[in-house]
1. Which of the residues spanning segment A:1-21 are of a type outside the set (Lys, Arg), touching a strand residue (DSSP E or B) at 6+ places or on another chain (Cβ under 8 Å) and not in a loop (DSSP other than H, G, I, E, B)?
2. Being at pLDDT 95 or above, touching a Gly at 6+ places or on another chain (Cβ under 7 Å) and not polar (S, T, N, Q), is that true of even one residue in segment B:139-153?
3. Quick check on my filter: what residues within segment B:284-295 are surrounded by fewer than 22 Cβ atoms within 10 Å (Cβ to Cβ) and either more than 22 Å from A:Lys282 (Cα to Cα) or in contact with a Phe, Trp or Tyr (Cβ under 9 Å, 6 or more places away or on another chain) (or both)?
4. For the subset of segment B:241-271 comprising residues that are among the polar types (S, T, N, Q) and either more than 13 Å from B:Ser228 (Cβ to Cβ) or open to solvent by 50 Å² or more (accessible area, probe 1.4 Å) (or both), which member is farthest from the other protein chains (Cβ to nearest Cβ)?
5. If you go through segment B:22-30 one residue at a time, do you hit one that is touching a residue at least 12 places away in the same chain (Cβ under 8 Å), of a type in the set (S, T, N, Q), surrounded by fewer than 19 Cβ atoms within 10 Å (Cβ to Cβ) and part of a loop (DSSP other than H, G, I, E, B)?
6. Quick check on A:Ser215: is it touching a residue at least 24 places away in the same chain (Cβ under 8 Å), part of a strand (DSSP E or B) and within 14 Å of chain B (Cβ to nearest Cβ)?
7. Just to verify a result, which residue in segment B:198-212, among those that are touching a helix residue (DSSP H, G or I) at 6+ places or on another chain (Cβ under 8 Å) and among the aliphatic types (A, V, I, L, M), is nearest to the other protein chains (Cβ to nearest Cβ)?
There are 2 protein chains.
Amino acid sequence: MKIKLVEVGLRDGLQNESVTLPTEVKKEIAVRLLHAGVKHLEVSSFVSPKWIPQLKDAEELFHLLPVRDDVTYRALVPNLKGLTRALMTPASEYAVFMSASESHNLKNINKNIADTLITIKEVVQLATEKGKPVRGYVSTVFGCPYEGNIAMSQVVHICEQLIEMGIYEISLGDTIGVATPKRVKEVIQSVRQSVPLHQLAGHFHDTRGMGVVNSYVAVEEGITTLDSAIGGLGGCPYAPGASGNVSTEDLVYLFDREGIETGLNLTELNETSLFLQEIFAKPLPSKVFQSYVAQKEA
Amino acid sequence: MKIKLVEVGLRDGLQNESVTLPTEVKKEIAVRLLHAGVKHLEVSSFVSPKWIPQLKDAEELFHLLPVRDDVTYRALVPNLKGLTRALMTPASEYAVFMSASESHNLKNINKNIADTLITIKEVVQLATEKGKPVRGYVSTVFGCPYEGNIAMSQVVHICEQLIEMGIYEISLGDTIGVATPKRVKEVIQSVRQSVPLHQLAGHFHDTRGMGVVNSYVAVEEGITTLDSAIGGLGGCPYAPGASGNVSTEDLVYLFDREGIETGLNLTELNETSLFLQEIFAKPLPSKVFQSYVAQKEA
């Protein structure tokens, strides 16, 4: 059995970190991730630099990446303007994003869901004309900070519309890290009625330490694509020890021992996190990584 | 459905912390844990104070505890000498410990397994004469730092001997936090051939972030007793972010949302960890607790 891991540390991870990294350092992280075996790399985002200053060097970073036919370099794009910028770079595919929750979508994108879907449709049409695949992130699928659990019918309806537009994969996001296995199973079992399992990905945050168990249960439910971030980057900068995305190392440790292939080398991942931890000068949240550091120092 | 959580923070947690707490503070932690609903509290250990200075105040601490008929106060005892000390206190039950690994047992207890079993038998006999139940910890069941995976036949044989002696519950320990669900299932499915599930407990460490998923899978396999430590106490003092026992808060969050009763109040547990974190002046490993702190500060 094989799991496809999508590395989102450079984008979802860094956009939540308060220390801004130089472009050359981001390139170095990317090169180390490729060396560890990463084949699906979300590189950056073409949202307005005013929103996320950390990612304002997106163009430059894409141009610095090694040319690799066997690697997917993904760019997040919020709208046609972002896509137009991204089209000038060597990004090999794009990702759009929205929320399953009306309140969270308004707060995050400043638009209602209906208008967001129109924007996404424009992006998918142009990208498809250019021969590029588009992934869709749907956030707060497992719970919203404002609305609690979102109605399953709404989650499913959004996924159906995205697939109909031509989006090839939907990443179901536990944006605030509230889910536990019961909700994970309910969501997957509902959405798979409309969207085939191979077009779904699980995107779990480890805010409450549930990232590993939720990823495990998603795979039990038939999901074969999971998002994760090197070192568990992306924790709330105001909470020491608080976590962001489930860490790539924790998932690779899990799957290695479960006999499930990821194609990634755990030692190289840990060394990449060590490089990152020295830059950030604070402990990264990944527990597999921290136990690697402890063993190395012993 | 109900899960019995055994709080081991005061013993397994503190014995791995480098900061020694005053007895009055330990008492205060115990009182707060009782207030949060804890009914099974491992209070301290009667090993030689030379081995674990942190727990040298075991007698005094037991005498300070509130009298509670509905609460189990457990004392760890290594041998007859320890039991003799423990018998002078209000401890309501005892626990013995050994390793499934010959090398780990020698390193930890300075005896081979055969001799350890003789000692344990003496302890169980005297405790039984005094009308007190004895629990047994078997460590490195899911993996040993020196021997890797221990032969299942050896694990099962040790458990059989302990039950035959009169031990009422065996806590299967992932002492170094290496297990993943596959091994957890294998161990439980093997041991349950000889020991009924209601006499087994899962004792997981979160060293590599697998404590929650392993606890979850153990419950799926029919285990209804789990050990955990408030705040995730017991991490390696030399590794920032490294974890000890799976945290009580993380398990209570998980089970609350899964619709499984624990009888514990999550807010009271988080407040207890906040008290502890201020004493230790370092972030505790529990992610549920850290997200509680972040929300409180927001």
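1. First, pick out the residues of segment A:1-21 that are of a type outside the set (Lys, Arg): A:1, A:3, A:5-10, A:12-21.
Retained after the next criterion (residues that are touching a strand residue (DSSP E or B) at 6+ places or on another chain (Cβ under 8 Å)): A:1, A:3, A:5-10, A:12-13, A:15.
Passing the criteria: A:Leu5, A:Val6, A:Glu7, A:Gly9, A:Leu10, A:Asp12, A:Gly13, A:Gln15.
2. Taking every residue of segment B:139-153 in turn, at least one turns out to be at pLDDT 95 or above, touching a Gly at 6+ places or on another chain (Cβ under 7 Å) and not polar (S, T, N, Q).
3. Scanning segment B:284-295 gives a single hit, B:Ala294.
4. At the first step, the residues of segment B:241-271 found to be among the polar types (S, T, N, Q) are B:243, B:245, B:247-248, B:262, B:265, B:267, B:270.
From the residues that got through so far, the ones that are either more than 13 Å from B:Ser228 (Cβ to Cβ) or open to solvent by 50 Å² or more (accessible area, probe 1.4 Å) (or both) too are B:265, B:267, B:270.
Numbers: B:Asn265: 17, B:Thr267: 14, B:Asn270: 11 Å.
Step by step, filter segment B:241-271, then rank; the result is B:Asn265.
5. no
6. Working: touching a residue at least 24 places away in the same chain (Cβ under 8 Å): yes; part of a strand (DSSP E or B): no; within 14 Å of chain B (Cβ to nearest Cβ): yes.
No, not satisfied.
7. B:Val212
Condition check ((1) closer than 16 Å to A:Glu102 by Cα; (2) assigned to a helix (DSSP H, G or I); (3) open to solvent by less than 50 Å² (accessible area, probe 1.4 Å)) across all residues:
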{"position": "A:Ile150", "(1), (2), (3)": "yes, no, yes"}
{"position": "A:Val155", "(1), (2), (3)": "yes, yes, yes"}
{"position": "A:Glu160", "(1), (2), (3)": "no, yes, no"}
{"position": "A:Ser171", "(1), (2), (3)": "no, no, yes"}
{"position": "A:Val178", "(1), (2), (3)": "no, no, yes"}
{"position": "A:Arg183", "(1), (2), (3)": "no, yes, yes"}
{"position": "A:Val187", "(1), (2), (3)": "no, yes, yes"}
{"position": "A:Gln193", "(1), (2), (3)": "no, no, no"}
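The values are calculated or read from the model by the stated rules, or taken from the named source; none is laboratory data. Since this is a predicted model, take the numbers as computed values, not measurements. Cβ coordinates were reconstructed from backbone atoms using ideal geometry, including for glycine residues, and neighbour counts include every protein chain displayed. Surface accessibility is based on the protein's heavy atoms, side chains included, excluding ligands, DNA and RNA. Shrake-Rupley method; radii C 1.70, N 1.55, O 1.52, S 1.80 Å.
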